[in-house]
Amino acid sequence: MSYEPGSLECRLLIEAKENLLKAMKSLSNLQDIEPIKSQLFTIYNQLEEMHELRRIKELKS
């Protein structure tokens, strides 16, 4: 990622998202794992929303 995090919270959110992407990639070739991959993707999207809200908050500060 090329985004430079501005706060500890942003750094932690970025790290969590990167780890989820790694987990999803690791699972990509396994069979019958679609429900878990779907859950991980949902969690990733939730973290992305949290990160976006944090970025907006930091820009306003």
ask   = Simple spin-label model, 7 Å along Cα-to-Cβ: N29 to S7 in nm?
value = 4.1
key: Folded to 0 to 90 degrees: helix 8-27 orientation relative to the chain principal axis, Cα   = 10
query = Hey, rough spin-label estimate for T42 and E15, points 7 angstrom out along Cα→Cβ, what's it come to in nanometres?
reply = 2.6
inquiry  = Helix 34-60 against the longest principal axis of the chain: what's the angle in degrees, Cα atoms only, rounded to the nearest 10?
reply    = 10
Candidates L40, L12, L30, ranked by Gaussian network fluctuation over the chain, Cα under 10 Å, top entry = L30
task = Per DSSP H run of n ≥ 4, the term is -39500 (n - 2.57); total these for the chain, divide by its residue number, and report the mean residue ellipticity at 222 nm rounded to 500 deg cm²/dmol.
result = -27000 deg cm²/dmol
request  = Could you pull the Cα extents of the chain along its three principal axes, largest to smallest, in whole Å?
outcome  = 46, 17, 15
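A short reminder: the numbers here are calculations on the coordinates, not readings from a lab. Just so you know, these numbers come straight off a predicted model, no measurement behind them. Backbone-built Cβ (ideal geometry, glycine too); neighbour counts: all protein chains shown.
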